[in-house]
Amino acid sequence: MTDERQVQHRDKRFRDAQGNVSEDHLTRRQKQVLEVIRRSVRDRGYPPSIREIGDAVGLTSPSSVAHQLSTLERKGYMRRDPHRPRAIEVVDPAASQVRPEVTDPGTTSDLTGYRGGASPDDVDPTGSGDERPTPSYVPVVGRIAAGGPILAEQAVEVPDDAPRLTVEAADGAVAKVVEGLPKLDLSAAALTTSPADATADLNTIFVGMDGIVPTVEVAGITYEADGKTATAQLKYTYQLAPGTLQYTSALPLENVNGNWTAVWSPAVVHPKLTPDTRLRHVRKQPKRSAINDGKGLALVEERTLYQVGIDKSLVEEPNWSASATKLAELLSIDATAFTQKVLAGGPKQFVIATTLSQDKIPAAVSDIPGGAVHETTGMVGPSDTFAASLLGRVGNPTPEQIEKSGGAIAASDMVGVSGLQARYDEQLRGVAQVQIDIVARSGATVETTSVFEQQESVGAPIQLSLDRELQEKAETVLAQQVPDDQTAAIVVLDISDGGVLAAANSKGAGEFPQATYGSFAPGSTFKVASSLAMIRTSGLTAASPVECPASLDVGGHTVTNYQGYSAEHTGSIPLKDALAYSCNTAFAGAGKSVTPEALASAAASLGVGTDYEAGFTSNFGKVAPKESDPIDRAISMIGQGSIEMSPLGMAAVAASVGSGKTTIPWLVRDHQATSTAAPLSPDEATQLQTGMQAVVDYGSGMALKGVMTGAKTGTAEFGADAANTSDAHAWMIAYNDKYAVAVFVDKGVSGSSSAAPIIKALFS
């Protein structure tokens, strides 16, 4: 058939018997769509958008509308304008000489090509098969939503006065700007100005932002009717510490010969920015809240301090070394180390030697060339060493702390880095004041404008159980009686409620909180818990006889009493005497009948062997003898083998016995752990009190008569060498009507000779 005959044949198909053009072969929906298009062209001069067609004919899915348009095009009612390849034109099918009803794959129209070559079988008259057709790319000039390439199925708005022309999307040009803004680098962006100049301008804008940059998203693109200009709306988000700043700004666009470029100006970053202004970030932390003592008085708080050092700008270079040495000698610090520090600093640097309170600054500092004092602030306790490992320190945050805070902490902040300062940092730190201002650039005179402000919120103090005077005395006693290279610790509890009144470490312990977190074999002090296990397992009382042989064979291992143990205290003796004289064989022998579970349960009733979230760095010990190992079961009864305790834990044992109830130590008010163990009964407490009183009355703790009511010594040997000599942990626990105390001395001689004098000095 010739082309002319094709047209004639097609013409007959679309005409009725009278020769008029007929649309009877179209579905009702197709007729509706066609009428909407015609009406829009007639009334406005251009076709409707996909959304407008859908709203008019009752199709909610854009793909359903596209399906109807594809069908109408295939039937000859729509075609592509060859001069406007992305515009739709409505035609009279009877007059069309361009395309057949069903196109050949080799001569597919633009729209059919986008659709993948639709056939008559693909027609969905109802528009319900939305999933069947693939998207038709039919962009219509107008305001286009932000995001990726715009499909015809997406909502597009057309200005009322828009001519029928095609505008290529500016998405690519906008994307390059959006990508470069957070990087402060616009070198890859298509700009009407020099990308290098725009990048320099961008960096100037952010020079005072302390490294804070925004995330940027496209919120929308508006195309003007002439197709030559457009405006992208950019959404900026700044994650501040704390708070979030969000706003939108305009990015102008120009279309030159089909290529979109962005028009750079400072207003792209913020609508209020000009060539004479930039952004500035201001952050001010509130005064850090105090840590209070048991009386509610400030124990650690922010106070004025004074940095003493050498100001190198005030002394000639040849005298730097001599001045540093003189100042170091005056302050009793390492002269060699400080001199090296001074020499390594910059030529005008103030090199800090130490930080002191005003009353401790030597007057002679001013006599040293370059000697200077600078005022500062810091979190200060009664002294540099006062409960240092417990209270902790304040300093700049680690990268991990900053990341974990979720934006609440900035690198310049002062935060808790150890101890209670770290654990309760969020409460103590409060919320910083944050501002983002628009300020003048160098050389300009512009009034400052604030665009964001977050008011500060002061934190809340925490109150401890600590007794200031008792803590200071405990630290003094350790300093006087324990060599600097030896580890020792004291824990004192309020016997009425278990509050930690003192937790002191010797200088040899360093920064590690041995008093509350150390882990050592408790030796014979643990026999108090073993006694409770024997009372529960065998129905014993303090007066019940137990066997105390000179030695005991346990699984081929010989258990003996300590060197110098009196033979008159062997044989059948009361349980209280076994405790008073610390008979190893009596307790080791009981390991046959006391199961590991029974021993652990007894320890738990005395406040140890169970983990508690106590609100501070704490260790409540481990009680886990091996069921199948008779040797481990035996030596666990005398506080060695699988038994490990902290001074805090052993103080809890003393407090539980002395108070007659299970005691869990606490330090931070309103953060007190509740015991999960079987409670200590009044009768059990009475039996244990009788035994511990015997220790003071006539046993190894007689040195504490008149000072403490009940006590127990302990010596845990470790590190035996070839010569069969040993080092030992020396322990002593005790209580009276006000206090319960535990003292630990690493590498001590014995509990009675190394630990007892410390307790006596503390409470004398």
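Every read-out reported here was derived from the displayed coordinates using simple, explicitly stated rules and does not represent laboratory data. From a predicted model like this one, the values you see are computed outputs, not experimental measurements. So basically every Cβ, Gly included, is an ideal-geometry build from the backbone, and we count neighbours across all protein chains shown.
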- Query: Hey, with R₀ at 45 Å, roughly what FRET efficiency would Thr686 and Gln427 work out to, going by the Cβ-Cβ distance, to 0.05?
  - Reply: 0.60
- Can you list residues whose amide H is under 5 Å from Gly378's amide H, if they're 5+ apart or on another chain and H is modeled 1.01 Å from N? Arg303, Leu305
- Task: With a 10 Å radius around each residue's Cβ, average the other Cβ atoms per peptide and rank 374-383, 623-632, 522-531, highest first.
- Result: 522-531, 623-632, 374-383
- Task: Take the cross-link list Lys183/Lys404; Lys284/Lys341; Lys295/Lys473 and give me the ones stretching past 25 Å between alpha-carbons.
- Result: Lys284/Lys341
- Item | Cβ crowding within 10 Å averaged over residues, with 532-539, 401-408 ranked highest first | 532-539, 401-408
- Message: Quick one: 3J(HN,Hα) in Hz for the range 748-764, Karplus 6.51/-1.76/1.60 with θ = phi - 60°, rounded, Gly and Pro as x.
- Response: x, 7, 6, x, 6, 8, 9, 9, 4, x, 5, 5, 4, 5, 5, 10, 7
- Note on the structure: The exposure ranking of Cys548, Cys583, fewest beta-carbon neighbours within 10 Å first, is Cys548, Cys583
- Theoretical gain in end-to-end length, Ser383 to Glu329 [0.36 nm per residue, Cα-Cα removed]: 17.3 nm
- Grab the beta carbon distance between Gln455 and Glu375, set R0 = 30 Å, and tell me the FRET efficiency rounded to 0.05. 0.65
- Query: Using the beta-carbon distance between Val417 and Glu35 and R0 = 56 Å, what value does 1/(1 + (r/R0)^6) give for FRET efficiency, to the nearest 0.05?
  - Reply: 0.15
- Task: Mind checking which lysines have their Cα closer than 28 Å to the Cα of Lys228? Skip sequence neighbours fewer than 8 apart in that chain.
- Result: Lys176, Lys272
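Note down the net charge around Ala567, summing +1 for each Lys or Arg and -1 for each Asp or Glu among other residues with Cβ under 15 Å from its Cβ. Can you show the working numbers first?
Values: positive: none; negative: Glu547, Glu568, Asp577.
After counting each charged neighbour, the total is -3.
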- Spelling it out for Thr229: with amide H atoms placed in the peptide plane at 1.01 Å from N, the residues 5 or more places away or on another chain with amide H under 5 Å from its amide H are Glu224, Asn255
- Query: Straight-line reach from Lys626: which lysines have a Cα under 24 Å away, not including same-chain ones fewer than 8 places off?
  - Reply: Lys527, Lys592
- Message: If neighbour count is taken as other Cβ atoms inside 10 Å, put Trp731, Trp264, Trp320 in order from fewest to most.
- Response: Trp320, Trp264, Trp731
- Task: Taking the Cβ of Leu331 as the centre, find all other residues whose Cβ is under 14 Å away and add up their charges (Lys, Arg: +1; Asp, Glu: -1).
- Result: -1
- Item | Taking Tyr306, Tyr735 and counting other C-beta atoms within 10 Å, the order from fewest to most | Tyr306, Tyr735
- Highest average packing first - 232-241, 739-748, Cβ atoms within 10 Å: 739-748, 232-241
